[in-house]
Amino acid sequence: MTTLLALLLQVTPSMALTELTTDVCILGGGSAGVGAAIAAARGGAEVVLVEKQDRLGGTSTQAYVCNWEPGPGDGLCREIYDRLQARNAVCVVKDHNRARQQGPFGLWLPDPEGTYEQSLTRASTPHPNWRACVFEPAALHQVVTDMLGETGKCRVMLRTTFIEAAAQGPLVVSVSARGDDGSVYEIHAKTFIDCTGGAHVCRALGCEMMLGPEPKSRFNEPSAPEEPEMVLNGISLCYRIRRREDPARQAPPEPPAQGWVKTAHVSGLPNGDRIVNPLAILSGKALLDMGYDKALEECRRRVQAHWHWLQGYEAFADFELDSFAPMLGIRESYRVVGEYVLTQHDLLAGLANQTHPDLIALADHSMDVHGSGSKHIAGDLKAPYGIPFRCLIPKGWQNLLVAGRCASFSQIAASSCRLSRTMIQLGHAAGAAAALAARDDASAATVDLGLLRHSLFADSARNSPHTSRQ
Ligand SMILES: Cc1cc2nc3c(=O)[nH]c(=O)nc-3n(C[C@H](O)[C@H](O)[C@H](O)COP(=O)(O)OP(=O)(O)OC[C@H]3O[C@@H](n4cnc5c(N)ncnc54)[C@H](O)[C@@H]3O)c2cc1C
């Protein structure tokens, strides 16, 4: 198989093909991927984490989405927060422009009285009491790198891209990845976890996928359209601005950019800089049609127009553009069909009415489809809801899990549960399951749920402010 793989990957004799064997191989080092890697390594497994960017954190670092919206996220999330706080790299924020008197944008700036605990609820909390956490992107990379390093069990491979996977029946045998320096790796593992956001591993393996809105006939969701058009959540290119005494004025692009909306979500970083999220600056479908590089180019033009417009407001008059995020902010692409698909029914039922035996994560964000038909969707949720472990098991597979925004959710459910702290929780569960599977020489898909839930709650209790601060 190795020779065949070498041929497929066009490995030349000068390019070494390195074989690695590990307990758990995680592809993608965003929120879900780092959650999975930390949990698996802390659970005693040997881990290889493959990430194509030069930093960990994914969308939270490389797309400048360094903002944890209000919502559940104790355990690992709390530990990450504490470590960021020790570096003065995180602050609790609230919207200082709720009535929009300063302009048509949210302005989430530090609230010195705000606490992490206040940031943990949304559905049951009145809007004025919502709090979020904003952190320095580079510090998140450093914190999670430290956490992984402390385990002594995780090999992090940055600038390395997953390319191909090999399977026998319901078992993944190996994946291959290529480093930016041309090195090629064939990685064998007991469990593989797809945390690539775009479900690259699952798609390469031919797993069943969902893309775009599901018609009502599929899950009978109250807000699903009868005959949906192919619309995906809009994408964003976030940018960073900094205060200057004599700030450079932004010129609009030539030719003028069309098709962006005059609104923004602005977050204050601990050092006083701000991150501007121009919300849906390009339609999600345009990304599919144009391809990534063209979409990035067009987004940069639109962002120039956006900043030219926003800089005209007094709140930004003494700021200038610092940088564009290196990566596009992609809210939605392919989703895997798992052993269970989370739907709007779960969101509306809430935790008190869900009867799943395998809930492993909590979420409570509103259904928010960013330009993909939001008029159909009912407003905020009334209570948190749970996500079953089966959403992390691609249908029919034994040693393959999927965690992150590409897990098994309907489009409507994904519009609520894709928040970063939820993704960390999903990664945590996938990593813990993979560690148990490695320990017991079992399959991750059939791991003992009692043991899994016990290990998640034990981890949460260990890292919870209520126990760690006593
Ligand atoms: C513009 C925008 C604004 C948002 N606002 C908020 C917000 O305010 N608060 C909030 O909580 N959530 C927000 N979200 C949602 C949240 O940020 C994402 O859903 C979440 O970060 C996704 O995490 P993930 O781990 O699934 O994917 P990602 O963080 O995208 O991680 C995927 C990782 O896989 C890597 N990868 C991809 N392909 C390969 C490959 N072939 N080989 C190796 N590695 C690969 C990528 O480089 C990346 O690091 C927002 C999202 C967007 C796009």
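Here are a few things to note about the model shown:
- Residue match in segment 291-298 (condition: part of a helix (DSSP H, G or I) and modelled with pLDDT under 95): no
- Restricted to segment 69-94, and to residues there that are part of a helix (DSSP H, G or I) and away from the ligand (no atom under 15 Å from the Cβ), the residue that is least open to solvent (accessible area, probe 1.4 Å) is GLU79.
- Residue tally, condition within 16 Å of the ligand (Cβ to nearest atom) and within 30 Å of ARG243 (Cα to Cα), over segment 312-351: 9
- Screening segment 190-224 for residues that are more than 17 Å from LEU426 (Cβ to Cβ) and of a type in the set (S, T, N, Q) and picking the one that is least open to solvent (accessible area, probe 1.4 Å) gives SER223.
- Restricting segment 386-403 to residues that are more than 17 Å from CYS25 (Cβ to Cβ) and not in a helix (DSSP H, G or I), the residue that is farthest from the ligand (Cβ to nearest atom): GLY396
- No other residue among ARG244, ARG240, ARG301, ARG274 is charged (D, E, K, R), touching a strand residue (DSSP E or B) at 6+ places or on another chain (Cβ under 6 Å) and over 23 Å from ALA132 (Cα atoms) apart from ARG244.
- Matching residues, segment 37-61, being part of a helix (DSSP H, G or I), in contact with a Lys or Arg (Cβ under 7 Å, 6 or more places away or on another chain) and more than 12 Å from the ligand (Cβ to nearest atom): ALA41
- Scanning segment 404-418 for residues that are part of a loop (DSSP other than H, G, I, E, B) and out of contact with any Ser or Thr (no Cβ under 9 Å at 6 or more places or on another chain) turns up ALA407, SER408, ARG418.
- Segment 394-419, residues that are of a type in the set (S, T, N, Q), touching a Lys or Arg at 6+ places or on another chain (Cβ under 9 Å) and within 25 Å of PRO70 (Cβ to Cβ): SER408, SER410, GLN411, SER415
- Filtered by the rule that a residue be open to solvent by less than 60 Å² (accessible area, probe 1.4 Å) and among the acidic types (Asp, Glu), segment 135-176 gives GLU136, ASP146.
- Residues being touching a residue at least 60 places away in the same chain (Cβ under 8 Å) and not in a loop (DSSP other than H, G, I, E, B) - total across segment 307-339: 15
- Applying the set (1) open to solvent by 10 Å² or more (accessible area, probe 1.4 Å); (2) within 15 Å of the ligand (Cβ to nearest atom) to LYS382 leaves exactly one unmet item: (2).
- Tabulated pairs, segment 115-129, first more than 15 Å from LYS382 (Cα to Cα), second part of a loop (DSSP other than H, G, I, E, B), C-beta under 6 angstrom, 6+ apart or interchain: GLN118/ARG131; SER119/PRO70; SER119/ARG131
- Within segment 124-134, one or more residues are open to solvent by 30 Å² or more (accessible area, probe 1.4 Å), touching an Asp or Glu at 6+ places or on another chain (Cβ under 8 Å) and at pLDDT below 95.
- Any chance LYS375 is part of a loop (DSSP other than H, G, I, E, B) and modelled with pLDDT under 95: no
- Within segment 230-251, considering residues that are exposed (fewer than 15 other Cβ atoms within 10 Å of the Cβ) and either of a type in the set (Gly, Ala, Ser) or at pLDDT 95 or above (or both), the one nearest to GLU297 (Cα to Cα): ALA251
The values are calculated or read from the model by the stated rules, or taken from the named source; none is laboratory data. Owing to the predicted nature of the structure, the values given are computational and were not obtained by experimental measurement. Glycine also receives a Cβ, built like all others from the backbone with ideal geometry; neighbour counts cover every protein chain displayed. Ligands, DNA and RNA are stripped out before the accessible areas are found, and what is left, the full protein with its side chains, is counted by its heavy atoms. Shrake-Rupley method; radii C 1.70, N 1.55, O 1.52, S 1.80 Å.
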